[in-house]
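The next block holds one structure in the form of structure tokens; read it before the comments.
The values are calculated or read from the model by the stated rules, or taken from the named source; none is laboratory data. Just so you know, these numbers come straight off a predicted model, no measurement behind them. When we count neighbours, we look across all protein chains shown, and the Cβ atoms used for this are built from the backbone with ideal geometry, even at glycine. To get the accessible areas, we keep the full protein, side chains included, count just its heavy atoms, and leave off ligands, DNA and RNA. Shrake-Rupley method; radii C 1.70, N 1.55, O 1.52, S 1.80 Å.
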Amino acid sequence: MAGIVLIFDFDSTIIECDSDNWVLDETGLTQKFYQLLPNMPWNPLMDKMMKELHSEGKTIEDIIEILNRTPMHPRIVPAIEAAHSLGCELKIVSDANVFFIETILKHHGVWNCFSEVIANPSHVNEGRLKICPYHDYLKSSHGCNLCPPNMCKGLVIERIQNSLEAAGKKKVIYLGDGSGDFCPSLKLKDGDYLMPRMDFPLCDLVSKNYNNIKAEVHGWRDGKELEHFLLHLINKAIGEGDNINNSTRNVSVIDCKLESIPIDTHQPLPKSLSFPH
């Protein structure tokens, strides 16, 4: 085993869109969803939309057919398969729901590449999909003002890190795109790698708060670049290559295949963030 754990976000990282929005768009519920969103949190509102689909006669098979058409860059599956074959352990930490994630990954034949999927629980009950929050915020708060109420990915990462130390795993590579991926990025340690998607909220937050990031940062734009940088970092970490310069922590840039983006190293860490999703 390589001693490396890859932690993927799912929406706009493994797939090319938000899975919730994809299903809403394909079922004609987007307008109604956003009309209700100001008065209802995202996670229970998605559960309400699944109940409405069921009442309209939409079946689980209909939802699966929609999920199977979710756009994914053609290099994502080869990247996942290559990382798995190199001995890395793969996990998903996502604010999507388990049913959507499992359906899509099974369709592409890579579900078994992942040792763990940590996301909002979901199950089929009497023919309709039930979606629940990962963290039951109605009973208690997770206490993190950087994360949405139903999931703090930073707490999840801390739990994973504790288990990795016990198992002797040494490095983490975290891939993500959204604001919800910023908190776990702050938990990464020296020697870990962070791969934020360029031109997405996480990359902007990392750029503005670079002094608070301990991991080495490598940006990517699409599935081709994700595959390219990920495999280089894996090979670097297991000693099979050193194709990526190890001086990232000594310069104020996010390394990218196409450009280097200046970092505002004086920008303070925000006290709170807004989460439309």
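Things worth noting here:
- Being touching a helix residue (DSSP H, G or I) at 6+ places or on another chain (Cβ under 7 Å) and farther than 27 Å from Pro149 by Cα holds for only one residue in Ile104, Ile63, Ile80, Ile92, and it is Ile80.
- Per the listing Leu129, Leu146, Leu188, Leu164, the residue uniquely open to solvent by less than 30 Å² (accessible area, probe 1.4 Å), under 15 Å from the mean Cα position of the chain (by Cα) and aliphatic (A, V, I, L, M) is Leu188.
- Filter result for the condition that a residue is crowded, with 22+ Cβ neighbours inside 10 Å and assigned to a strand (DSSP E or B), over Tyr134, Tyr174: Tyr174
- The residues of the range 191-204 that are touching a residue at least 24 places away in the same chain (Cβ under 8 Å), open to solvent by 20 Å² or more (accessible area, probe 1.4 Å) and in a helix (DSSP H, G or I) amount to a single one, Pro201.
- Test: residue in the range 61-78 that is modelled with pLDDT under 95 and of a type in the set (A, V, I, L, M): no
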